[in-house]
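Presented below is the structure to which this report refers.
Values in this text are rule-based calculations from the coordinates and carry no lab data. Here the structure is a predicted model, which means the values were calculated and not measured. Because the Cβ atoms are built from the backbone with ideal geometry, glycine has one as well, and the counts that use them run over all protein chains shown.
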């Protein structure tokens, strides 16, 4: 045994107990870092023990006089676990993130004077200029070891490419070759490994182990309707032992599924990127402690989450990449004899994939327009940019973020301007990555359809293929996953999906441009309501179908709409009904709808709103500024306007600017409160 | 932006853009060190070992090692600059202007930071130097030189100060040509101007400096800048110079003494006593701007490495 190997083992035993041994390749990886100052890529399944590698390596390097270790990791959850783990090796680990601002000064001092051994940061923090200037650059001895967690995010070919990692890759190319670097991932096929090598240097040494999970029992089934899948969950979850995760593709779906499960007496919580930190921490804790049946999560709960006895992972919708899928299920059942991984594939999956694919990159036209505008040398506010570029504010910020990370745009105070670096839209890269995504989407369809061993199928895609059939999956056992058996359950779920009315919150402020400033309280809309979300698996599907077919809205839909208004009983009660005059293309649908509403509620329908001109469909306008500009002068009110409260009927409410413009005009001409009601809201 | 391994070591050894508790090497220190040892092989070794290998005093080896400890910090600083579109090159990298290496020898700046297209991609350059406060005659000469350069397929290089520098560079850009400004200080401040940013993004303007991009002005920096203007240019016109004082005067004498470039001086209308004195010291007097390009293009001064610096002195 070499000196390093001996010291490493002593160190490991100090942390884990006298009987501990290294797992295969751990000792070799440590020696490569400590003795050779090498750059290495470790591809090992979750639970292999990569943190033992970097903490033992840190201990040995520190004992040899090296600077502190810098760990870059995308997950807060991971960081909390790791700080605890480092302590057991006599290492002081600190993390600098947005939730511990009060401790920054102390930690900064500890890092600079060498009393901290490990600094954990997110990729975003690493790219933050203040952080670099004040903490990383002044380190007298520099960094002793750099760890990049979830290194597959560097690769375009990875399912989970993150712009911040692109900058890390550039930084790695600049860093001195004498700095040891450890990149880790639990997910990388040959193509991703090759791409990481290309970006980080061909001398990158690979330590790769099998990704196989013996305890995983895979099954999959196509179940197009949401009602069927909800019913299946309500039947299946109470029968399966232990706690687990139900993945959905969108936050809306997660909320809907959690709502349904709760109504069915199943203890669960939602976990999404948008959730509050405190809620996420608490949810992680409850899952870890088996103090909850299921966490209904988006992919925000994934990388780095380590629960050895995770009993099941169910996908309510199919992810768009087998690599992403394996990463999500691969963490199940590490310390259990059997864990279930069930994939349900729905009718809406492909639409959602398509949306992800399209929004993965800014459109060439939008990006070029944006960069062109910023190229005038002046800083721009986001609001000013919205007036010039027809993209949603979320998308605009995402574009600015990508361009900033790529060094095309820089932030000056709260404003953006063009950096001095040349730029062209990389259409080849976009086409290449988009084509790859479609290949992966097809692989997911094939996974659901395959009659062969599912584990073999997935491992082949991960280039981890010495694979014998697993003998555990539904195909190997010859027992397909049964559909829900309870017809009443499916009917319940269908009814549940149809009782998902959503509020229409009044707009309180004009966005600027066509109109500016606050909307006076006596001109605002009253809170309104929509029967559904467009295409939500309930009434929203019927709305969409009728709009596409240009046929009158079906009787049962209209009846449900009126029933919603009745049981909601807005106060003050409406005394008359009017509607948003449709464009030529839609002609009679909304008028017929308003007439039915009036007849069923016993209220007069008055045509006081007229259309002055045709306008572009509001759904083509991507932000408030553009939406208001599109409609602010389209309508006029034809007096007389009755005094009482009025129901303002529309089929689909999108940005709310149309109803807001009409509502303020009605109030100005003396109407009572204006209550907007619609069959559907757009998703958003 | 990717630097060679030598390039990164050179930045770590010389830059003042990263804090240091020992003083960074000068260009001459660096040149001497590079003759003694390959700077990419030094980091991580013991000081006595390095001293023995390079044949330098132990104290020097220790200083070099301390400076190389800054490599990671230097890489971070360069990446931050790169993010703002400011590039970095070093005397050991391919995109470093060959004219500087060849003509300045050991006095060549080890590191250049800049914005805009690389100078290696520029056409041959005409240099313009002179005072900040200009007479109408001098202004006319500066502008005419900028126009002439563009007409004849040259770009303009100058110190990017107001006065003749700015007039010549503007004339070149207005004529659709390239301008290169060599700054003695404050690159990061210079690129804040909206007009400068537009010109840089259009590919019409390169600004560069041998000093830390955030560094402020000092007289020594101005002299260091002057020799770069000369060494980058095929021909340099001194539009106006004080007599026996000022940076233009000193810079011209230095360029003549070391043959950094073909040095011409304006002797036409409005020329003063300083200009005449430069003719006496060997500058080529011209009274017609068109004659600027008639001068000889100097071959790269063949400077035998080690002529004036045998040891690496701290």
Handout entry: Packing-based order for A:277-284, A:590-597, B:84-91, using average beta carbon neighbours within 10 Å, highest first
Key = B:84-91, A:590-597, A:277-284
Handout entry: Of all DSSP beta bridges in the protein assembly as shown, antiparallel share, percent nearest 5
Key = 20 percent
Completion exercise
If each part is reduced to its alpha-carbon centroid, region B:1-80 and region A:24-42 end up apart, in Å, by 27 Å
Problem - Percentage relative contact order, chain A, counting C-alpha pairs under 8 Å, at least six apart - result: 11 percent
Practice task
Mind jotting down the distance between the C-alpha centroids of region A:624-654 and region A:295-352, whole Å?
Solution key: 45 Å
Problem - Theoretical ellipticity at 222 nm over chain B - DSSP helices of four or more residues, -39500 (n - 2.57) apiece, nearest 500 - result: -12500 deg cm²/dmol
Practice task
Beta carbons within 10 angstrom, averaged per residue: use that to sort the peptides B:276-285, A:27-36, highest first.
Solution key: A:27-36, B:276-285
Completion exercise
With Cα coordinates, the longest principal axis of chain A makes an angle with the long axis of helix A:393-405, in degrees rounded to 10, of 30 degrees
Exercise for the section: Compute the acute angle (0 to 90°) between the alpha-carbon long axis of helix B:136-151 and the principal axis of greatest extent of the alpha-carbon atoms of chain B; round to the nearest 10°. Expected result: 70 degrees
Handout entry: Relative contact order computed over region A:1-86 (Cα-Cα under 8 Å; 6+ residues apart), in percent
Key = 27 percent
Practice task
Could you state the angle between the C-alpha long axis of helix A:3-16 and the longest principal axis of the C-alpha atoms of chain A, as a value from 0 to 90 degrees rounded to the nearest 10?
Solution key: 50 degrees
Exercise for the section: Counting only DSSP beta bridges with both residues in chain B, tell me the antiparallel percent, nearest 5. Expected result: 25 percent
Practice task
From other protein chains only, count the Cβ atoms within 10 Å of every residue's Cβ in A:418-426, then give the mean.
Solution key: 5
Handout entry: Partner chain coverage, peptide B:77-90 - average Cβ within 10 angstrom
Key = 5
Exercise for the section: Starting from the Cα gyration tensor of region B:112-197, take the square roots of the eigenvalues, sort them a ≥ b ≥ c, and report rounded, prolate or oblate (rounded when a/c is under 1.5, otherwise prolate if a/b is larger than b/c, else oblate). Expected result: oblate
Completion exercise
Within the set B:294, B:170, B:151, GNM on chain B using Cα springs under 10 Å gives the largest fluctuation to B:294
Practice task
Please sort A:406-416, A:246-256, A:655-665 by packing, taking for each peptide the average over its residues of neighbouring beta carbons within 10 angstrom, highest first.
Solution key: A:655-665, A:246-256, A:406-416
Completion exercise
Taking every residue of A:126-137, the Cβ atoms of other protein chains inside 10 Å of its Cβ average out to 3
Practice task
Could you tell me the distance between the Cα centroids of region B:245-263 and region A:371-437, to the nearest Å?
Solution key: 46 Å
Handout entry: Choice from B:191, B:22, B:265 with maximal GNM fluctuation in chain B (Cα, 10 Å cutoff)
Key = B:22
Handout entry: Residue of B:288, B:262, B:29 that the Gaussian network model of chain B assigns the largest fluctuation, springs spanning Cα pairs under 10 Å
Key = B:288
Exercise for the section: Pull out a ≥ b ≥ c, the square roots of the eigenvalues of the alpha-carbon gyration tensor of the protein assembly as shown, then state rounded if a/c is under 1.5, prolate if not and a/b is larger than b/c, and oblate in the remaining case. Expected result: oblate
Practice task
Would you calculate, for chain A, the mean residue ellipticity at 222 nm contributed by helices, counting each DSSP H stretch of 4 or more residues as -39,500 (n - 2.57) and dividing by all residues, to the nearest 500?
Solution key: -12000 deg cm²/dmol
Handout entry: For region A:297-455, share of DSSP beta bridges that run antiparallel, in % to the nearest 5
Key = 55 percent
Exercise for the section: Would you please classify the overall shape of region B:78-118 from the alpha carbon gyration tensor, given that a ≥ b ≥ c denote the square roots of the eigenvalues, rounded means a/c under 1.5, and beyond that prolate means a/b larger than b/c while oblate covers the rest? Expected result: prolate
